[in-house]
Amino acid sequence: MCTAAAENKYMQTVPMGHRKEFAQFFTPVEIAQFMSRWILQNEKAQSILEPAFGLGIFSRALLEEKTDLHITGYDIDPTIFLSAQSLFDSSQNVSLILQDYLQSDWENKYDGIICNPPYLKFHDYDNTFATSIIKEKLGYALSGFTNLYTIFLLKSINQLNKNGRCAYIVPSEFMNSDYGVAVKKYLIESKKLRHVIVFDFEKDVFEDAITTACILLCSNDSSNASVSFSCVKNENQLYELEENLYSTTCGFSNDIPYSDLDQSIKWRNYYAGEGKKEFHNLVPFTTYAKVSRGIATGANSYFAFSQKKAEEYNIPESSLLPCICHCSDIKGHFFDNTDFEKLRVENKSVFLFNGQNNTEDESVYKYIQLGEEQEINRKFLTASRTPWYALEKRVPPQIWVTVFNREGLRFIRNTSKATNLTTFHSIYVNDSHKEYVDLLYAYLLTNTAHQIFDENRREYGNGLKKFEPNDLNLGKILDISIINKSDQKRILNYLEQYKGGVMDAINKIDTIVQNYVSAPNNMDIQMLEDNGILCSTILEQYPNEIVSNQSNNNKLDYSKNLLVSLVKTDNFEFFLDGSAKSYYTGKKFPSSVALNKLYYFMPYMKGLGIRDLYLIKIARVGTRKEGQPDNDPNDFRLVFEIEFVTQLFPDYKKVHLDIWQTFKDTTLEAILYN
Ligand SMILES: C[S@@+](CC[C@H](N)C(=O)[O-])C[C@H]1O[C@@H](n2cnc3c(N)ncnc32)[C@H](O)[C@@H]1O
């Protein structure tokens, strides 16, 4: 029976450092057996290649199922090679070769190729040779950042006999990273990829390696219409999937025709598609804020200052820009001037040398000279600036976000005077949405916000996730303006609790947010929130007029309530020239609107927006089509008898109708100045 005894013994005797050097992470037995079964679906299979042999878990799994196989195995590490040789010493089926797979065996073809290729972090090897050999042998150009494991894959795909099959287990990173675009293009063009099975297991597939894994199953046959993408959460699902894998109509997976496959998009869109939650009410992130990178000095050790260094060089405060230089200095999620002071007292680097405005100061002048002596002015970034010691102009952002993070995005609310180096990205809330800073921040802390952003992230080695400013700028967020007032209040309240150390408060915010992203449109949310009040019921409370307002000789009262209401295109006529005398609502009216305070009215012309201000002279309950023959005496509506006051804006202007996408309850002051 195939077991992991050999691998376990090897792990106990060979130091981790050696195993890491050769990327020796072993495939679990069940997964090796699963992949072997794919290979053996080619019933005529005889010649098999194991390009990264290790201790031959795949060969053992294959030979357990079929005994007439000729297996060729490559490994580059003499240590593991010796152990493998003694394991397969007596086997007639296996020939082992101690060589670099990429440098050997380009001419041979096989009926089956099965592999868990070495996965090395980009910095740990030089891939110039590997990419150049692909260029030479396959005539195909790969990015200089291409990871070795995908180069193994491309070579193997090229070595398949007719009807030959290939099974690879690799990190899923290439499907969602920039260098992977060329790899995906090759996979699309060669049309041999059949299945992509991504592991979304709670525990890592490889015990010692933090990486997201996937199995790629390829076949050199003519059934090359589509690729099926599946995401499995546990071993049971893998077996369930296998039952369907060999049938042509597999309902389990997401089949993407080759003609629709796009190398330029993140393939997460294909495999995360099925179980993926559908989010609603999203707008581009840039609707509310913009992310930009922090200050790049080009020579941090010269520009960064602690309090002591400032004293040592006698640099005046006016030539020091408060700036967070190290990510690790910010521990929590909130950062204010008191926190900044603490870091200053602890002698952390919290300033940047800002000599530009103060060159007459002797110490500043001396420090600039010191920079020139040390040739700081000749560095790549400094040499391109005039003067070389000028800093990029940045104001303190309201929110920071960490660039790299193993747990995903980390946001920090900054109310201090400090700006930041590139260790953080800076989030600047748009001027028109300043009032939403805390609400936006609370939203950004939630799991839901991260899930939505996740669709745009890149994957780097070792499970590290990286967001570039544009990954966020191009991402989506909940349109937070649709959150009703009482939920806004609750969210801000929970945010305060979170600040006070109540960790669970974020989950409560998330629950509220989930309501908004899961409702098909904001109309439904508002309906849930405020089902409205029937105009017939209002009549019971107000049998006469609800309000009666006197016109004030066109003198505007900014504190008065203003109701913006949607006017459909077929009712435009009298509203375009200001001659409208009445406005009828629907059968239901939002119960959140204070009826006794109705004062101003602005028609929201569908597709155009608001422009003209009217006074509600009288608000009362009446019936639709009053005075007309087809008037139904029981069809109650709110009726506003209105009078044109003034054209408030030079042109029509769009505002968000936050109640049922029909009304906005506000004040004259708010509409003018927000
Ligand atoms: C991830 S391990 C897989 C071992 C085994 N096949 C398994 O699945 O358990 C990768 C193996 O490839 C070997 N290796 C690394 N670079 C190689 C190369 N350029 N050519 C051949 N083998 C290589 C390593 O020594 C290691 O044994």
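The values are calculated or read from the model by the stated rules, or taken from the named source; none is laboratory data. What you see is a predicted model; the values in this text were computed from it and never measured. Note that we place each Cβ from the backbone using ideal geometry, even for glycine, and neighbour counts take in every protein chain shown.
For Leu343, are the conditions met, namely being at pLDDT 95 or above and in contact with a Leu (Cβ under 6 Å, 6 or more places away or on another chain)?
On the way: at pLDDT 95 or above: yes; in contact with a Leu (Cβ under 6 Å, 6 or more places away or on another chain): no.
So Leu343 does not fit the description; no.
Sort out which residues of region 595-635 are among the hydrophobic types (A, V, I, L, M, F, W, C) and touching a residue at least 60 places away in the same chain (Cβ under 8 Å), and write them in order of number.
Answer for region 595-635, where residues must be among the hydrophobic types (A, V, I, L, M, F, W, C) and touching a residue at least 60 places away in the same chain (Cβ under 8 Å): Met602, Ile610, Leu615, Ile616, Ile618, Ala619, Val621.
Look at Arg60 and say whether it is away from the ligand (no atom under 12 Å from the Cβ), of a type in the set (D, E, K, R) and in the same structural domain as Gln12 (by TED's automatic domain parsing). It would help to see each step written out before you state the result.
On the way: away from the ligand (no atom under 12 Å from the Cβ): no; of a type in the set (D, E, K, R): yes; in the same structural domain as Gln12 (by TED's automatic domain parsing): yes.
Answer is no for this residue.
Checking Tyr149 against (1) in contact with a Leu (Cβ under 9 Å, 6 or more places away or on another chain); (2) more than 11 Å from the ligand (Cβ to nearest atom), which single condition isn't satisfied?
The single condition Tyr149 does not satisfy is (2).
If we keep just the residues of region 495-541 that are of a type in the set (Ser, Thr, Tyr) and crowded, with 17+ Cβ neighbours inside 10 Å, which is modelled with the highest pLDDT? Outline the logic, then answer.
We begin by selecting, within region 495-541, every residue of a type in the set (Ser, Thr, Tyr); these are 498, 511, 516, 518, 536-537.
Right, trim to crowded, with 17+ Cβ neighbours inside 10 Å and you get 498, 516.
On the way: Tyr498: 94, Tyr516: 86.
Filtering region 495-541 for residues that are of a type in the set (Ser, Thr, Tyr) and crowded, with 17+ Cβ neighbours inside 10 Å, the one modelled with the highest pLDDT comes out as Tyr498.
What number of residues within region 110-155 are of a type in the set (Gly, Ala, Ser), over 27 Å from Gln46 (Cβ atoms), touching a helix residue (DSSP H, G or I) at 6+ places or on another chain (Cβ under 8 Å) and at pLDDT 85 or above?
Keep residues of region 110-155 that are of a type in the set (Gly, Ala, Ser), which gives 112, 130, 132, 139, 141, 143-144.
Narrowing the set further to residues that are over 27 Å from Gln46 (Cβ atoms) leaves 130, 132, 139, 141, 143-144.
Pick out the ones that are also touching a helix residue (DSSP H, G or I) at 6+ places or on another chain (Cβ under 8 Å) and you get 130, 141, 143-144.
This time we only want the ones that are at pLDDT 85 or above, so: 141.
Number of matching residues: 1.
Pairs only if they're at least six apart or on different chains, beta carbon under 6 angstrom, first in region 131-153 and crowded, with 17+ Cβ neighbours inside 10 Å, second β-branched (Val, Ile, Thr) and part of a loop (DSSP other than H, G, I, E, B); list them, first residue then second.
From region 131-153, the pairs are Thr131/Thr146.
May I ask you to verify whether Ile113 is under 43 Å from the mean Cα position of the chain (by Cα), within 14 Å of the ligand (Cβ to nearest atom), buried (at least 20 other Cβ atoms within 10 Å of the Cβ) and more than 28 Å from Tyr179 (Cα to Cα)? Show your work before the answer.
Details: under 43 Å from the mean Cα position of the chain (by Cα): yes; within 14 Å of the ligand (Cβ to nearest atom): yes; buried (at least 20 other Cβ atoms within 10 Å of the Cβ): yes; more than 28 Å from Tyr179 (Cα to Cα): no.
In short, no.
Hey, among the residues in region 46-63 that are aliphatic (A, V, I, L, M) and farther than 19 Å from Lys155 by Cβ, which one's surrounded by the fewest Cβ atoms within 10 Å (Cβ to Cβ)? Explain how you work it out, then say what you get.
At the first step, the residues of region 46-63 found to be aliphatic (A, V, I, L, M) are 48-49, 52, 55, 57, 61-63.
Still in the running and farther than 19 Å from Lys155 by Cβ: 55, 57, 61-63.
Values: Leu55: 22, Ile57: 26, Ala61: 23, Leu62: 28, Leu63: 20.
The residue in question is Leu63.
Check region 97-108 and report whether any residue there is among the acidic types (Asp, Glu), more than 9 Å from the ligand (Cβ to nearest atom) and surrounded by fewer than 16 Cβ atoms within 10 Å (Cβ to Cβ).
Filtering region 97-108 down to residues among the acidic types (Asp, Glu) leaves 100, 105, 107.
Filter once more, keeping what is more than 9 Å from the ligand (Cβ to nearest atom): 105, 107.
Subsequent filtering for residues that are surrounded by fewer than 16 Cβ atoms within 10 Å (Cβ to Cβ) retains 107.
Scanning region 97-108 turns up at least one residue that is among the acidic types (Asp, Glu), more than 9 Å from the ligand (Cβ to nearest atom) and surrounded by fewer than 16 Cβ atoms within 10 Å (Cβ to Cβ).
Loosely packed, with under 15 Cβ neighbours inside 10 Å and modelled with pLDDT of 85 or more: which single residue out of Thr646, Thr569, Thr623 fits that description? Full working, then the answer.
Details: Thr569 fails: modelled with pLDDT of 85 or more; Thr623 fails: loosely packed, with under 15 Cβ neighbours inside 10 Å.
Matching residue, one of Thr646, Thr569, Thr623: Thr646.
Out of the residues in region 426-447 that are assigned to a helix (DSSP H, G or I) and hydrophobic (A, V, I, L, M, F, W, C), state the one that is surrounded by the fewest Cβ atoms within 10 Å (Cβ to Cβ). Lay out the reasoning, then the answer.
Just the residues of region 426-447 that are assigned to a helix (DSSP H, G or I), to begin with: 431-444, 447.
Still in the running and hydrophobic (A, V, I, L, M, F, W, C): 437, 439-440, 442, 444.
Working: Val437: 17, Leu439: 20, Leu440: 24, Ala442: 30, Leu444: 23.
If we take residues in region 426-447 being assigned to a helix (DSSP H, G or I) and hydrophobic (A, V, I, L, M, F, W, C), then Val437 is surrounded by the fewest Cβ atoms within 10 Å (Cβ to Cβ).
If you take the residues of region 11-45 that are away from the ligand (no atom under 14 Å from the Cβ) and among the basic types (Lys, Arg), which of them is nearest to Glu64 (Cα to Cα)?
Within region 11-45, the match that is nearest to Glu64 (Cα to Cα) is Arg37.
Tell me, yes or no, whether region 65-83 has at least one residue that is touching a Leu at 6+ places or on another chain (Cβ under 7 Å), assigned by TED's automatic domain parsing to the domain that holds Asn220 and within 23 Å of Tyr239 (Cα to Cα).
yes
With under 21 Å from Ile412 (Cα atoms), at pLDDT 85 or above and buried (at least 18 other Cβ atoms within 10 Å of the Cβ) as the only criterion, which of Leu472, Leu478 stands out? Before you say what the answer is, go through the steps one by one.
On the way: Leu472 fails: at pLDDT 85 or above.
Answer to the selection: Leu478.
Going through region 70-86 one residue at a time, which ones are over 10 Å from Glu50 (Cβ atoms) and within 6 Å of the ligand (Cβ to nearest atom)?
Ile76, Asp77, Ile80
Of all residues in region 189-245, which are modelled with pLDDT of 80 or more, among the hydroxyl-bearing types (Ser, Thr, Tyr) and under 22 Å from the mean Cα position of the chain (by Cα)?
Of everything in region 189-245, just one residue is modelled with pLDDT of 80 or more, among the hydroxyl-bearing types (Ser, Thr, Tyr) and under 22 Å from the mean Cα position of the chain (by Cα), namely Ser230.
Is there a residue in region 160-175 that is out of contact with any helix residue (DSSP H, G or I) (no Cβ under 6 Å at 6 or more places or on another chain), basic (Lys, Arg) and away from the ligand (no atom under 13 Å from the Cβ)?
Scanning region 160-175, I find at least one residue that is out of contact with any helix residue (DSSP H, G or I) (no Cβ under 6 Å at 6 or more places or on another chain), basic (Lys, Arg) and away from the ligand (no atom under 13 Å from the Cβ), so the answer is yes.
Tell me which of these Ser416 doesn't satisfy, since it passes every other one: (1) farther than 14 Å from Ile330 by Cα; (2) modelled with pLDDT of 90 or more; (3) small (Gly, Ala, Ser).
It is condition (1) that Ser416 fails.
Of everything in region 389-448, what is of a type in the set (S, T, N, Q) and over 14 Å from the mean Cα position of the chain (by Cα)? Give them in sequence order.
Within region 389-448, Gln398, Asn414, Thr415, Ser416, Thr419, Asn420, Thr422, Thr423, Ser426, Asn430, Ser432 qualify.
Restricting to region 471-511, count the residues that are more than 14 Å from Phe279 (Cα to Cα), of a type in the set (A, V, I, L, M) and under 21 Å from the mean Cα position of the chain (by Cα).
4
From the list Pro603, Pro633, Pro629, pick out the single residue that is within 26 Å of Ile538 (Cα to Cα) and not in a loop (DSSP other than H, G, I, E, B).
Details: Pro633 fails: not in a loop (DSSP other than H, G, I, E, B); Pro629 fails: not in a loop (DSSP other than H, G, I, E, B).
On inspection, the qualifying residue turns out to be Pro603.
Give just the number: which of (1) modelled with pLDDT of 90 or more; (2) assigned to a loop (DSSP other than H, G, I, E, B) does Leu563 not satisfy?
Every condition holds for Leu563 apart from (2).
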